[in-house]
Amino acid sequence: MAAMSGKTLYDKIWDEHLVAADANGEAILYIDLHLIHEVTTPQAFAGLKAAGRRVRRPDRTLAVADHNVPTEGQSFGIAAVADEEARLQLQTLERNVAEQGIEFFPMGDARNGIVHVVGPEQGRTQPGMTIVCGDSHTSTHGAFGALAQGIGTSEVEHVLATQTLRQMKSKNMRVRFEGTPAPGVGPKDFALALIGQIGTAGGTGHVIEYAGEAVSALSMEGRMTLCNLTIEAGARAGLIAPDETTFAYLRGRPATPKGGAWEMALPYWKSFFSDSDARFDREVTIDVASIAPTVTWGTSPEEVIAVDGRTPDPADFEPAKAAQIRRALDYMGLAPGQPIQEARIDRVFIGSCTNSRIEDLRAAAEILAKALEKGRKVAPHVRAMVTPGSGLVKLLAEDEGLDEIFRAAGFDWREPGCSMCLGMNPDRLAPGERCASTSNRNFEGRQGRGGRTHLMSPPMAAAAAIAGHIADVRDFL
C-alpha cells in the first residue's frame with residue numbers, strides 16, 4: 001500500500017475547520033473571522049431578523065464602513081454622504097451592528113478604513129484562520145497563512161447565523177516566484193505577470209499557495225498585494241505560509257495574543273505550512289528577474305504588457321481572440337502596436353485594498369520626492385489623488401511627512417475608503433478619462449462609466465503622474 005502524501009497548507013486549514021461533509025463532497029467549515037461592511041450586509045441582517053435569529057458569534061465579527069464613504073469631509077459623519085442610497089446603507093449598518101453587539105469602526109474613526117487593510121492592522125487576521133467577507137478581495141488576508149475568501153450576500157447571512165460556511169473543497173495550486181527582482185519591480189508586477197501568463201481563469205477551482213525565495217523576501221504589505229490579486233487569476237483564495245516576517249508584523253497589535261498567550265500561539269501558527277511531500281494539482285514557477293514593471297493595456301487583468309512594450313495587433317491572432325483584442329483596444333482608445341508609454345493619462349489613483357498601505361505610500365512618495373528634487377511635479381493636465389487604506393495609515397503617513405510630499409507634488413491627499421477603485425462613491429472617472437491606477441480591476445466602467453483604467457504599482461503610478469503618460473519607473477530611480 002502506497003504511503004499517504006503530506007498535506008498542503010490549504011489542506012491543513014481545511015481539515016482544522018471541517019465540521020461535516022456529505023457524500024457529494026459539500027462541506028461545512030467553521031469560520032474564525034467574519035468581516036462585514038455596508039454594501040453586502042443589509043439584506044443579510046434583514047434575513048436574520050425575518051427568521052428571528054441573532055448573530056451567532058458577534059465577537060468573531062468586525063464591521064467597517066468603506067465602499068460608499070466619501071474621501072472628503074468624514075469628520076461630519078454620515079451627514080457628509082450626499083448619495084441617498086449610500087447614506088441609507090451606512091445608517092443601516094450602524095443600526096444593525098448596534099443591535100447585534102458587533103465591534104464597528106464608523107466613518108471618521110481613526111481605526112476605520114478599507115476592510116482588508118483594517119483586519120490585518122488590528123491583528124484580527126491571524127495564521128491558520130478561516131476568514132470571510134462579502135467582498136471578492138478577501139483573498140488579501142491569505143498573506144498571513146489564513147484561508148480567506150469572498151462570499152455572496154446569502155452566504156453572509158448564513159455565516160452571521162451559524163458561524164459556518166457551506167462549500168466544496170478546491171484543488172491545490174502552487175506558484176513559485178524565484179530569483180531576485182530588478183529595481184522598480186515589486187509584488188504588483190509579480191501578480192500582473194502571473195495573471196498575464198495563466199489568464200483570469202488560470203486558477204479557477206483552485207486555492208493558490210505562493211512560495212519561493214522572492215515571496216519569502218516580501219514584506220507583509222507586499223504579500224497582501226500578491227494575495228489580493230489572486231482572485232483576478234480566477235482562484236478562490238491565495239495563501240502564503242506564515243514565517244518570522246508574519247509574526248513580527250502581528251506582535252503587539254490590538255487583537256493579537258499577549259504574554260503567555262502569544263507564546264502558546266506561535267507553535268500553533270508555525271504548524272501551518274505545506275509538507276515537503278504534499279501534492280499540488282498544478283504548479284507554476286516564475287523567475288522574477290524576467291519581470292519588468294508591468295501595466296494593463298486592456299479591459300481585463302490578464303491583458304498586461306511590460307512598460308517598455310507595445311499593445312498587441314489583432315492581425316497576429318486567430319479571429320475570436322482578434323475580435324476580443326480589437327474591442328479592448330477600441331474601448332481603451334489605443335492603436336494596435338502602439339508603445340504603451342504613448343498613452344496620455346488624465347487621472348492617477350493611489351489607493352484601494354491592493355495598494356493603500358503605508359509601504360505603498362512610501363514607495364510612491366519616494367518617486368515623487370526624487371521628481372521634486374529635479375523641479376518636477378504632477379503634469380498640469382493630470383488630476384492625481386492618494387487615498388490611505390485606513391485612518392491609522394493616514395496618521396502614520398502624516399507623521400512621516402508623506403502627505404507633504406504628495407501635496408507638494410500636486411496630489412490630492414484624501415481620507416480613507418475604497419475611493420476610486422470601484423465607482424461606488426463620489427471618486428469616479430468621467431467617460432473617456434484614462435487613469436493610472438493602483439487598484440485591482442480594469443473592466444469596462446469599473447472606475448466610472450466609460451472610464452479607462454491601467455493597473456500598475458504605486459511607484460509606476462507616481463511616475464505616470466509626473467510624466468503625464470504611462471512611464472517607466474526605472475527612468476525615475
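Looking only at the range 4-21, how many residues end up being at pLDDT 95 or above and surrounded by fewer than 22 Cβ atoms within 10 Å (Cβ to Cβ)? Let's see the steps before the verdict.
Applying the first criterion (at pLDDT 95 or above) to the range 4-21 yields 6-21.
Subset that is surrounded by fewer than 22 Cβ atoms within 10 Å (Cβ to Cβ): 6-7, 11-12, 14-21.
Adding up the residues that qualify gives 12.
Just wondering, is there one or more residues in the range 73-94 that are β-branched (Val, Ile, Thr) and at pLDDT below 95? Show your work before the answer.
Of the residues in the range 73-94, the ones β-branched (Val, Ile, Thr) are 78, 81, 92.
The next check asks that each one be at pLDDT below 95; those that pass are 78, 81.
So far as the range 73-94 goes, yes, one or more of its residues are β-branched (Val, Ile, Thr) and at pLDDT below 95.
Is it true that some residue in the range 259-271 is under 26 Å from His469 (Cα atoms), in contact with a helix residue (DSSP H, G or I) (Cβ under 9 Å, 6 or more places away or on another chain), surrounded by 16 or more Cβ atoms within 10 Å (Cβ to Cβ) and basic (Lys, Arg)? Within the range 259-271, not a single residue is under 26 Å from His469 (Cα atoms), in contact with a helix residue (DSSP H, G or I) (Cβ under 9 Å, 6 or more places away or on another chain), surrounded by 16 or more Cβ atoms within 10 Å (Cβ to Cβ) and basic (Lys, Arg).
Return the residues of the range 116-138 that are under 23 Å from Gly234 (Cβ atoms), part of a helix (DSSP H, G or I) and open to solvent by 10 Å² or more (accessible area, probe 1.4 Å); say none if nothing qualifies. Result: Ser136, single match. For Ala278, are the conditions met, namely being in contact with a Ser or Thr (Cβ under 8 Å, 6 or more places away or on another chain), outside any loop (DSSP other than H, G, I, E, B) and surrounded by 18 or more Cβ atoms within 10 Å (Cβ to Cβ)? When the stated conditions are applied, Ala278 does not pass them. Taken over the range 324-365, residues that are closer than 27 Å to Asn425 by Cα, of a type in the set (A, V, I, L, M) and not in a helix (DSSP H, G or I) amount to 4. Taken together, the residues in the range 47-93 that are open to solvent by less than 20 Å² (accessible area, probe 1.4 Å), not in a helix (DSSP H, G or I) and not charged (D, E, K, R) amount to 12.
Might you let me know whether the range 180-189 holds any residue that is open to solvent by less than 20 Å² (accessible area, probe 1.4 Å) and either under 12 Å from Thr230 (Cβ atoms) or free of Cβ contacts under 8 Å to residues at least 40 places away in the same chain (or both)? No: zero hits. Just one of the numbered conditions (1) open to solvent by 10 Å² or more (accessible area, probe 1.4 Å); (2) under 21 Å from Pro301 (Cβ atoms); (3) of a type outside the set (Val, Ile, Thr) is not true of Asn440: (1). For the range 94-115, filtered to residues that are open to solvent by less than 40 Å² (accessible area, probe 1.4 Å) and in contact with a Ser or Thr (Cβ under 6 Å, 6 or more places away or on another chain), the residue that is farthest from Ile358 (Cα to Cα) is Ile102. Within the set Leu477, Leu396, Leu402, Leu422, the sole residue that is open to solvent by 40 Å² or more (accessible area, probe 1.4 Å) and within 14 Å of Ser356 (Cβ to Cβ) turns out to be Leu396. The residues of the range 281-316 that are among the acidic types (Asp, Glu) and in a helix (DSSP H, G or I) amount to a single one, Asp316.
Residue by residue, here is whether (1) open to solvent by 10 Å² or more (accessible area, probe 1.4 Å); (2) closer than 21 Å to Phe190 by Cα; (3) touching a residue at least 60 places away in the same chain (Cβ under 8 Å) holds:
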{"position": "Gln341", "(1), (2), (3)": "yes, yes, yes"}
{"position": "Asp346", "(1), (2), (3)": "yes, no, yes"}
{"position": "Thr354", "(1), (2), (3)": "no, yes, yes"}
{"position": "Glu359", "(1), (2), (3)": "yes, yes, yes"}
{"position": "Lys374", "(1), (2), (3)": "yes, no, no"}
{"position": "Val378", "(1), (2), (3)": "yes, no, yes"}
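Count of the range 242-257 residues, restricted to those that are surrounded by 14 or more Cβ atoms within 10 Å (Cβ to Cβ) and farther than 17 Å from Glu221 by Cα, is 3. Figure legend. Inter-residue proximity from the range 296-318: first residues at pLDDT below 95, second residues crowded, with 19+ Cβ neighbours inside 10 Å and assigned to a helix (DSSP H, G or I), beta-carbon distance below 7 Å, spacing 6+ or different chains. No pairs are indicated.
The values are calculated or read from the model by the stated rules, or taken from the named source; none is laboratory data. This is a predicted model, so every value here is computed, not measured. Note that we place each Cβ from the backbone using ideal geometry, even for glycine, and neighbour counts take in every protein chain shown. Calculation scope for accessible area: heavy atoms of the full protein, side chains included, ligands and nucleic acids excluded. Shrake-Rupley method; radii C 1.70, N 1.55, O 1.52, S 1.80 Å.
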